[in-house]
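Working notes for the structure below.
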Amino acid sequence: MKSRIFSATRYLILGLGLIFFIFPVAAAIEFSLRSYGNKGHTFANYSWIFQQEDFFTNITISLKLAVLSAVITLITVVPAVTFLHLEGQRYKRIFEFLAILPLVVPVVSLAIGAQKAMPTFIQNSQYELAFFYVIIAIPYTFQSLNVGLTSIPLKTLVEASRSLGASFGKTVTAVIVPAIRSAINAAIFLAVTLSFGEFTLTSLLHWETFPVWITRVSQGNVLGSIALSMFSLIGAWSLLILVQSLQNVQKQRRAKSQVEEIEEVLT
Amino acid sequence: MSSKKADIKVNLENLSRHYGSVAALQDFSLEMTTGEMVSLLGPSGCGKTTVLRILGGLDPNHQGKIFVDGEDITGLPSDKRNMGMVFQAYSLFPNMTVAENVEYGLRVRKINHEVRRKKSMELLEMVHLSHRGNAYPNQLSGGQQQRVALARALAISPKVLLLDEPLSALDAQVRVQIREEIRRIQLETETTTLFVTHDQEEAMSVSDRVGVMNAGQLEQIDSPAVLYNKPKTAFVASFVGVTNRIPAEIDGKGRVRVLNQKIDLSKNSRSAQEGEKVMALVRPENLTLADEFDSESKPGLVITKSFLGPLTKLGVDLGTENLVYINMTSQEARKIEVGNRVALKITSEELMVANG
Ligand SMILES: Nc1ncnc2c1ncn2[C@@H]1O[C@H](COP(=O)(O)OP(=O)(O)O)[C@@H](O)[C@H]1O
Ligand SMILES: [Mg+2]
């Protein structure tokens with residue numbers, strides 16, 4: 001009886017949450033389908049997006065930057081945090097503090113300082129943004145990896161692997177990375193979403209990416225700008241769902257072998 | 001005995017390890033013969049793990065030399081030493097199945113798949129886990145995980161097997177079961193093994209020799225029986241087996257006055273001055289009940305009586321800080337009840353003493 005009331009309450013809360021969440025989105029979608037002068041609903045605002053000649057250029061650039069940031073995070077931040085856990089326990093506090101600095105330092109000084117610090121040949125390329133995105137994402141990526149590495153007995157696993165004859169490189173790829181895969185996935189996901197949505201620093205440095213472009217073109221077209229927001233929102237969701245389902249496939253594979261194992265025991 | 005020298009598998013020469021000014025290990029030397037199981041026993045922090053890690057190549061910052069099969073391996077990194085290790089903490093690779101864990105060392109050595117499978121099945125059978133090959137570590141109990149870790153360490157046919165308190169996280173019953181399993185497998189595979197533990201019963205029950213460590217140094221290494229019966233230091237005497245500490249006084253001429261008796265001081269005992277207050281170290285089986293309350297014994301009150309099958313252990317209050325324990329056959333103990341007054345006598349011919 002009690003549990004029925006409990007589950008009813010649960011559904012009520014869930015329902016309210018969904019309404020709270022869906023209502024503005026639905027309203028925005030409805031709004032994005034309106035036409036100027038109130039002549040019924042239309043997809044005109046969406047086809048307007050694709051008619052903008054820079055649409056594909058900018059979305060491609062943003063996607064490239066996002067992937068590049070993810071790659072840089074993977075090959076610099078992941079090994080760095082792992083190394084910190086293995087050898088630098090004494091300095092962990094200091095690095096934890098340093099890792100939140102990108103949140104504290106104003107973007108303007110970060111932009112100018114980092115720009116000055118870059119070698120000139122990178123300064124002239126839009127891809128320099130990926131390095132800044134990696135830095136901006138560090139408070140989040142560091143934390144995610146930190147938690148993942150704390151949750152496993154890292155030192156013992158490394159020593160076990162080494163004593164069994166594995167080189168350090170082999171140990172990283174065969175033992176550490178798989179053991180903290182979900183933390184790495186989360187870090188990459190954060191790096192991707194943060195780079196894909198970054199506006200302030202990009203526009204300060206006068207580069208044009210998808211978010212900067214959206215802001216610029218939508219200034220002349222209110223309905224079009226709503227359509228664009230909806231488009232990016234749905235795009236982001238699709239990406240999320242894609243990543244989730246890829247992870248689920250992995251989990252199912254694992255679960256399947258566990259079911260087989262249980263069957264094996266039973267028979 | 002000319003083959004004796006050739007039989008030396010491991011030779012540790014004057015190992016030392018310092019952390020800042022703290023000596024974790026001082027001048028530690030040890031020889032192990034092929035197929036021997038040696039335990040290092042000692043209180044927490046005495047340097048046992050340090051020895052094991054140095055031998056396993058996990059701690060390069062040490063002084064001293066390490067020889068295995070007569071070869072100097074002091075500078076060799078861990079992955080080139082071919083030593084299987086089992087750790088105190090659970091150390092199975094969480095993303096791999098039990099079989100994959102066991103095969104890992106062979107996979108690293110690029111042994112082909114079929115040979116690997118066969119070997120891992122063999123080893124899992126040996127630790128009675130052949131039916132769990134496809135399970136993941138988190139689906140196993142603590143005892144099962146340590147058995148898999150043992151199989152994994154043995155898969156590489158290690159030159160030396162290194163066990164660092166592998167049982168300390170397990171509950172008592174499982175602990176006894178697995179330590180016997182370890183000994184059986186060690187004998188079957190004739191693997192030279194260094195076993196680290198702080199549990200004296202564990203060390204004494206499964207080893208060929210036990211080395212007792214104290215504050216970074218090896219106090220004595222001998223067979224369990226010698227260690228028990230002829231301890232070289234007071235520390236060893238009190239750490240191995242049950243030992244009563246009974247207040248006593250040095251009587252000059254190398255004798256000690258204890259329980260109204262005068263007994264020779266063991267020649268292993270440190271020198272002491274006449275009249276010095278000390279603690280005599282007396283095993284429970286070296287005490288007996290006197291027939292009468294005379295001037296050559298000490299009266300006391302029986303406080304506890306524990307039936308241990310063929311033996312019974314009495315706890316007697318002699319007015320000293322701790323109860324004094326005495327073992328006797330259960331037959332003899334039948335007439336004694338808790339609350340009885342009894343008189344204790346020492347039967348051993350010589351005694352060790354410790355600081356009072
Ligand atoms: N990483 C370390 N830093 C500082 N001191 C250490 C470290 N590891 C071990 N020690 C010290 O070395 C001594 C021996 O440690 P250890 O070999 O682990 O002891 P045991 O295994 O016998 O409990 C201890 O006093 C311990 O405090
Ligand atoms: Mg230890």
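The values are calculated or read from the model by the stated rules, or taken from the named source; none is laboratory data. A quick note: this is a predicted structure, and the numbers were derived from the prediction, not measured. Every residue, glycine among them, receives a Cβ derived from its backbone with ideal geometry; neighbour counts consider all protein chains shown.
Applying the selection to the range B:336-356, what residues are in a loop (DSSP other than H, G, I, E, B) and modelled with pLDDT of 90 or more? If you could, list the steps in order and put the result at the bottom.
Here is the first cut: in the range B:336-356, the ones in a loop (DSSP other than H, G, I, E, B) are B:336-340, B:347-349, B:356.
If the condition is that a residue be in a loop (DSSP other than H, G, I, E, B) and modelled with pLDDT of 90 or more, then B:336, B:337, B:338, B:339, B:340, B:347 are the ones that fit.
When the range A:205-244 is examined, which residues are found to be in contact with a helix residue (DSSP H, G or I) (Cβ under 8 Å, 6 or more places away or on another chain) and of a type in the set (Gly, Ala, Ser)?
A:218, A:224, A:225, A:227, A:229, A:232, A:236
Inspect the range B:138-152 for any residue being within 11 Å of another protein chain (Cβ to nearest Cβ) and within 28 Å of residue B:54 (Cβ to Cβ) and give the result as yes or no.
Yes, some residue in the range B:138-152 is within 11 Å of another protein chain (Cβ to nearest Cβ) and within 28 Å of residue B:54 (Cβ to Cβ).
Can you tell me which of B:162, B:167 is within 11 Å of chain A (Cβ to nearest Cβ), within 16 Å of ligand 1 (Cβ to nearest atom) and surrounded by 15 or more Cβ atoms within 10 Å (Cβ to Cβ)? So that I can check it myself, show each step before the final result.
Values: B:167 fails: within 11 Å of chain A (Cβ to nearest Cβ).
Every option except B:162 fails the conditions.
Report, by residue number, each residue of the range B:56-91 that is more than 8 Å from chain A (Cβ to nearest Cβ) and aliphatic (A, V, I, L, M).
B:66, B:68, B:73, B:76, B:86
So is residue B:53 away from ligand 2 (no atom under 16 Å from the Cβ), within 14 Å of chain A (Cβ to nearest Cβ) and at negative phi or not? Give the steps one after another, and end with the answer.
Values: away from ligand 2 (no atom under 16 Å from the Cβ): no; within 14 Å of chain A (Cβ to nearest Cβ): yes; at negative phi: yes.
No.
Please find, within the range B:185-205, the residue that is nearest to ligand 1 (Cβ to nearest atom) out of those that are under 17 Å from residue B:56 (Cβ atoms) and within 12 Å of the chain's Cα centre (by Cα).
Taking the candidates together, the pick is B:196.
Consider only pairs whose beta carbons are under 7 Å apart and that are at least six residues apart or on different chains; among these, list those whose first residue lies in the range A:7-24 and is basic (Lys, Arg) and whose second residue is at pLDDT below 90 and surrounded by 10 or more Cβ atoms within 10 Å (Cβ to Cβ).
Cβ pairs passing all conditions: none.
Within the range B:103-135, track down each residue that is more than 10 Å from every other protein chain (Cβ to nearest Cβ), under 34 Å from the mean Cα position of the chain (by Cα) and aliphatic (A, V, I, L, M).
Passing the criteria: B:121, B:123, B:124, B:126, B:127, B:129.
If a residue has to be in a loop (DSSP other than H, G, I, E, B), within 16 Å of ligand 1 (Cβ to nearest atom) and in contact with a Lys or Arg (Cβ under 8 Å, 6 or more places away or on another chain) to count, how many in the range B:35-83 make the cut? Working first, answer last.
The initial filter retains those residues of the range B:35-83 that are in a loop (DSSP other than H, G, I, E, B), namely B:35-36, B:42-47, B:57-62, B:69-70, B:73-77, B:81-82.
After this cut, where a residue has to be within 16 Å of ligand 1 (Cβ to nearest atom) as well, the list is B:42-47, B:57-62.
Remaining after also requiring in contact with a Lys or Arg (Cβ under 8 Å, 6 or more places away or on another chain): B:42, B:47, B:57-59, B:61-62.
Of the residues in the range B:35-83, 7 are in a loop (DSSP other than H, G, I, E, B), within 16 Å of ligand 1 (Cβ to nearest atom) and in contact with a Lys or Arg (Cβ under 8 Å, 6 or more places away or on another chain).
Yes or no: the range B:248-262 includes at least one residue that is without any contact (Cβ under 8 Å) to a residue 12 or more places away in the chain, within 21 Å of residue B:8 (Cβ to Cβ) and either touching a Cys at 6+ places or on another chain (Cβ under 6 Å) or surrounded by fewer than 21 Cβ atoms within 10 Å (Cβ to Cβ) (or both).
Within the range B:248-262, not a single residue is without any contact (Cβ under 8 Å) to a residue 12 or more places away in the chain, within 21 Å of residue B:8 (Cβ to Cβ) and either touching a Cys at 6+ places or on another chain (Cβ under 6 Å) or surrounded by fewer than 21 Cβ atoms within 10 Å (Cβ to Cβ) (or both).
List the helices (runs of 4 or more DSSP H) that sit entirely inside the range A:1-106 and contain at least 3 residues that are modelled with pLDDT under 90 and closer than 30 Å to residue A:203 by Cβ.
On the way: elements: A:2-32, A:44-51, A:55-72, A:78-87, A:92-104.
Result: A:2-32, A:44-51, A:55-72, A:92-104.
From (1) within 11 Å of chain B (Cβ to nearest Cβ); (2) touching a Phe, Trp or Tyr at 6+ places or on another chain (Cβ under 7 Å), pick out the condition that doesn't hold for residue A:174.
(2)
If residue A:187 meets every condition in (1) among the small types (Gly, Ala, Ser); (2) away from chain B (no Cβ under 14 Å); (3) in a helix (DSSP H, G or I); (4) free of Cβ contacts under 8 Å to residues at least 40 places away in the same chain apart from one, which number is that one?
For residue A:187, the failing item is (4).
Among the residues of the range B:57-88, what is the count of those that are surrounded by 22 or more Cβ atoms within 10 Å (Cβ to Cβ) and among the small types (Gly, Ala, Ser)?
3
Within the range B:90-102, which residues are under 29 Å from the mean Cα position of the chain (by Cα) and not in a helix (DSSP H, G or I)? Walk me through how you get there before you give the answer.
Taking the range B:90-102 as the starting set, the residues that turn out to be under 29 Å from the mean Cα position of the chain (by Cα) are B:90-93, B:101-102.
B:90, B:91, B:92, B:93 - these are the residues of the range B:90-102 that are under 29 Å from the mean Cα position of the chain (by Cα) and not in a helix (DSSP H, G or I).
Let's see how each residue does on (1) within 16 Å of ligand 2 (Cβ to nearest atom); (2) within 26 Å of residue B:350 (Cα to Cα):
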| position | (1), (2) |
| --- | --- |
| B:191 | no, no |
| B:202 | yes, no |
| B:225 | no, yes |
| B:236 | no, yes |
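Within the range B:132-159, how many residues turn out to be surrounded by fewer than 20 Cβ atoms within 10 Å (Cβ to Cβ) and basic (Lys, Arg)?
1
Quick test of your reading of the structure: residue B:182 fulfils all but one of (1) among the hydrophobic types (A, V, I, L, M, F, W, C); (2) touching a helix residue (DSSP H, G or I) at 6+ places or on another chain (Cβ under 8 Å); (3) farther than 12 Å from residue B:37 by Cβ; (4) more than 16 Å from ligand 1 (Cβ to nearest atom). Name the failing condition by number.
With (1) among the hydrophobic types (A, V, I, L, M, F, W, C); (2) touching a helix residue (DSSP H, G or I) at 6+ places or on another chain (Cβ under 8 Å); (3) farther than 12 Å from residue B:37 by Cβ; (4) more than 16 Å from ligand 1 (Cβ to nearest atom) applied to residue B:182, the lone miss is (3).
Read through the list (1) away from chain A (no Cβ under 14 Å); (2) of a type outside the set (Phe, Trp, Tyr); (3) within 14 Å of ligand 1 (Cβ to nearest atom), then give the number of the only condition that residue B:20 fails.
(1)
Looking at (1) touching a residue at least 60 places away in the same chain (Cβ under 8 Å); (2) within 14 Å of chain A (Cβ to nearest Cβ), find the lone condition where residue B:193 falls short.
(2)
Does residue B:174 count as of a type in the set (A, V, I, L, M), over 27 Å from residue B:107 (Cα atoms) and crowded, with 19+ Cβ neighbours inside 10 Å?
Working: of a type in the set (A, V, I, L, M): yes; over 27 Å from residue B:107 (Cα atoms): yes; crowded, with 19+ Cβ neighbours inside 10 Å: no.
Answer is no for this residue.
Identify the single condition in (1) of a type outside the set (Lys, Arg); (2) within 14 Å of another protein chain (Cβ to nearest Cβ); (3) within 24 Å of residue B:221 (Cα to Cα) that residue B:44 does not satisfy, given that it satisfies every other one.
(2)
If you check residue B:17 against the conditions, is it within 16 Å of ligand 2 (Cβ to nearest atom) and buried (at least 17 other Cβ atoms within 10 Å of the Cβ)?
On the way: within 16 Å of ligand 2 (Cβ to nearest atom): yes; buried (at least 17 other Cβ atoms within 10 Å of the Cβ): yes.
So residue B:17 passes the test.
A quick yes/no check of all residues on (1) modelled with pLDDT of 95 or more; (2) among the charged types (D, E, K, R):
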position: B:170; (1), (2): no, no
position: B:174; (1), (2): no, no
position: B:177; (1), (2): no, no
position: B:183; (1), (2): yes, yes
position: B:188; (1), (2): no, yes
position: B:194; (1), (2): yes, no
position: B:202; (1), (2): no, yes
position: B:208; (1), (2): yes, yes
position: B:211; (1), (2): yes, no
